[in-house]
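In what follows, a single structure is set out as structure tokens and then discussed.
The values are calculated or read from the model by the stated rules, or taken from the named source; none is laboratory data. What you see is a predicted model, and the numbers here were worked out from it, not measured in a lab. We place every Cβ from the backbone using ideal geometry, glycine too, and count neighbours over all the protein chains shown.
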Amino acid sequence: MKNLIRKAVIPVAGLGTRGLPFTKEIPKEMLPIIDIPTIQFIVEEVIAAGIEQVIFVTSRGKNALQDYFDLSPALDGFLRKKGKNELADKLQKIGTLCEVLSVRQKEPLGLGHAVLCAQPIVGDEKFVVCLGDEIFPPWDQLNRARPPVKQLVETSQELNTSTVGVMEVPINETKSYGILRISEDKITDAPVKVLGTVEKPEPEKAPSRYAIIGRYVFDPIIFDYLARTPKGAGGEIQLTDAMTQLCDKEGLHAVNLKGCRYDIGNPFFYVKAQIDEALRRPELARPLREYLKTL
Ligand code: UTP
């Protein structure tokens, strides 16, 4: 039972200050890539890994996220009456993708605290955590061949361990990420045991160039560690602090995720995601290429 992974926690309760003023009233996780909200990519990624229940950790003003995965009978009836059945079917599919539950994080006390808020729903099961603002687009060949959450779930089941997705970053970027301490020099295709984590180290203090990115599978013991983790940097309960305890005891393995990734909280990556998706759509690709040539 403990090895069955069927729940995914997606924290979406942050203030999204980098996206202001847009994020003042609209959740960052609803930012669309053309016409598909960020959160839909993430929910579809976890469903592809066999997840049955999605748990949003939400906060005030984030109701749009749950409503998006609900059925909308009035809109459905309207579209069908107009003969727009294909569009109505598309919306109905989104409304029946999976079971969506939610729990409130009343104050934005950090990612670790957000994950802890999901404990009453997750209970004593291994579970997935996905950050609500990171997309691994399914149109990327590597992501399609080996979807990130699926890789983490399979590795966790094979090795009976917690897992974390990582990517190699340039040395001057280590101060923007949680960085791993590992015994090997390189992480190739095989998962590697993690010895510890360091939050946002300066390049000269970074123990490796492998950065934690927003995909994890945790043993439920992480809740005990989170509950005992004092507030750290910025008055927040850091997930990486509790992960370090996992490394020391139950074990944590890193999986190198090599596919394309967009952090949509970062304006450049957000614009890049829009352009990449537009270039994939025949009706947008030609006019966009022509427009870009004129710049
Ligand atoms: P970020 O740190 O990227 O998001 O957290 P943020 O705090 O909303 O954004 P900025 O830095 O102020 O612009 C990654 C994910 O974790 C969630 C966020 O909603 C985001 O999807 N999160 C973060 C929480 O749910 N609760 C928190 O206390 C912090």
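Computed quantities for the displayed model
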{"quantity": "Residue tally, condition crowded, with 17+ Cβ neighbours inside 10 Å, outside any helix (DSSP H, G or I) and more than 16 Å from the ligand (Cβ to nearest atom), over region 228-257", "calculated": "6"}
{"quantity": "Answer from ILE33, ILE39 - the residue that is modelled with pLDDT of 95 or more, crowded, with 22+ Cβ neighbours inside 10 Å and not basic (Lys, Arg)", "calculated": "ILE39"}
{"quantity": "Selection count, region 164-190, where residues are closer than 21 Å to TYR262 by Cα and among the small types (Gly, Ala, Ser)", "calculated": "3"}
{"quantity": "Among residues of region 193-220, those that are over 22 Å from the mean Cα position of the chain (by Cα) and surrounded by 21 or more Cβ atoms within 10 Å (Cβ to Cβ), counted", "calculated": "2"}
{"quantity": "Any hit, region 23-37, residues being more than 12 Å from the ligand (Cβ to nearest atom), free of Cβ contacts under 8 Å to residues at least 40 places away in the same chain, at positive phi and assigned to a loop (DSSP other than H, G, I, E, B)", "calculated": "no"}
{"quantity": "Among residues of region 118-137, those that are farther than 19 Å from THR161 by Cα, of a type in the set (A, V, I, L, M, F, W, C) and either in contact with a Gly (Cβ under 7 Å, 6 or more places away or on another chain) or not in a loop (DSSP other than H, G, I, E, B) (or both), counted", "calculated": "4"}
{"quantity": "Odd one out for LEU4, checked against (1) assigned to a loop (DSSP other than H, G, I, E, B); (2) among the hydrophobic types (A, V, I, L, M, F, W, C); (3) over 24 Å from PRO120 (Cα atoms)", "calculated": "(3)"}
{"quantity": "Test: LEU252 is at pLDDT 95 or above and among the hydrophobic types (A, V, I, L, M, F, W, C)", "calculated": "yes"}
{"quantity": "Test for ILE51: is it at pLDDT 95 or above and within 16 Å of the ligand (Cβ to nearest atom)", "calculated": "no"}
{"quantity": "Filtered residue count, region 102-137, keeping only those that are in contact with a Pro (Cβ under 8 Å, 6 or more places away or on another chain), within 8 Å of the ligand (Cβ to nearest atom) and under 15 Å from ILE39 (Cα atoms)", "calculated": "2"}
{"quantity": "Residue pairs meeting the criteria (Cβ under 7 Å; at least 6 apart or on separate chains; first under 13 Å from ILE10 (Cβ atoms), in region 98-111; second polar (S, T, N, Q) and within 10 Å of the ligand (Cβ to nearest atom))", "calculated": "SER102/THR58; GLN105/SER59"}
{"quantity": "Answer residue from region 11-22, given it is touching a helix residue (DSSP H, G or I) at 6+ places or on another chain (Cβ under 6 Å) and not in a loop (DSSP other than H, G, I, E, B) and is surrounded by the fewest Cβ atoms within 10 Å (Cβ to Cβ) among those", "calculated": "GLY19"}
